[in-house]
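Visitor: Attaching a single structure in structure tokens format; questions to follow.
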Amino acid sequence: MVVFLLFIALIVGIGVLLSRQMNRYAENEGLLDSDLREKDINRNKKTPDKVLAFGSKMQWIAVKTDYREQVAATLGLTNLELVNWSNGLEKAGDNHVFLTPNINGWILAVGWGLGEAEKQPALLEKLSREYGEAQFFLTHSGAHSHTYMRYANGEMTRHFHSEEGEILTNEGTPAKAESSLDLTNSLPDENLIFNIANEWSINPNALNQAQYADLEGLGSVGYLRP
């Protein structure tokens, strides 16, 4: 009888040990799967993709330079990481800033993470003093908000801002693209913003055109502290 009970206890003990080992194995497998999924996500974010057009319901700064790392440093971006266009623009729609690759001598800093840049002229002054020229654009048809600003060597040359159908700022020398616009009877739309961007630097809404097909497929995304 004693031998039988010892045998049963041994079987139960082995069962408990096997159960613990299986649970530990399952936990390790889960951690491994989670780690692999995270690596896949990071790999997908950093896999170069095609250039994507943007502009509607968005804001961006155009800086006349070839080097986005320098722009990131001047803006004071933190938590920088290398990302492709699709992930970068997705983050730009949140509270981050996406820095595009060099586009014909211009770097575009894109995203709502820039804050209310039209109310921070010192930022464009700083960028234009360091790089020669900096521009800010915002277009949001839903909010009836449109802004374009241009600074050269620390000086404002054009600043227009309208919101909710009201012109709040209209200073400096108008762009050629504005020549057909009667600001007493009409307000700019996003097409005018894109035309001015094309005249001054880069029209981001046209980046899907063939002339930009060979642009680098990776940019940088970071966070701008308020």
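Visitor: Just checking, how many residues over region 71-81 are surrounded by fewer than 18 Cβ atoms within 10 Å (Cβ to Cβ) and touching a residue at least 60 places away in the same chain (Cβ under 8 Å)?
Guide: 5
Visitor: Would a scan of region 43-52 turn up a residue that is surrounded by 10 or more Cβ atoms within 10 Å (Cβ to Cβ), at pLDDT 95 or above, of a type outside the set (A, V, I, L, M) and within 24 Å of Ala213 (Cβ to Cβ)?
Guide: Scanning region 43-52 turns up no residue that is surrounded by 10 or more Cβ atoms within 10 Å (Cβ to Cβ), at pLDDT 95 or above, of a type outside the set (A, V, I, L, M) and within 24 Å of Ala213 (Cβ to Cβ).
Visitor: Oh, and also: Condition check: within 20 Å of Arg225 (Cβ to Cβ) and outside any helix (DSSP H, G or I). Does Ala73 satisfy that?
Guide: When the stated conditions are applied, Ala73 does not pass them.
Visitor: Return yes or no: is Asn153 of a type in the set (S, T, N, Q) and under 21 Å from Thr65 (Cβ atoms)?
Guide: The answer is yes for Asn153.
Visitor: Something else now. Taking Gly113 as meeting all but one of (1) closer than 17 Å to Ser56 by Cβ; (2) in contact (Cβ under 8 Å) with a residue 60 or more places away in the chain, write down the number of the exception.
Guide: Of the numbered conditions (1) closer than 17 Å to Ser56 by Cβ; (2) in contact (Cβ under 8 Å) with a residue 60 or more places away in the chain, the odd one out for Gly113 is (1).
Visitor: A further question on this structure: Quick one: which of Ile107, Ile167 is surrounded by fewer than 16 Cβ atoms within 10 Å (Cβ to Cβ), of a type in the set (A, V, I, L, M) and touching a Phe, Trp or Tyr at 6+ places or on another chain (Cβ under 9 Å)?
Guide: Ile167
The values are calculated or read from the model by the stated rules, or taken from the named source; none is laboratory data. What you are looking at is a predicted structure, and each value in this text was computed from that prediction instead of being measured. Virtual Cβ from ideal backbone geometry, glycine too; neighbours counted across all protein chains shown.
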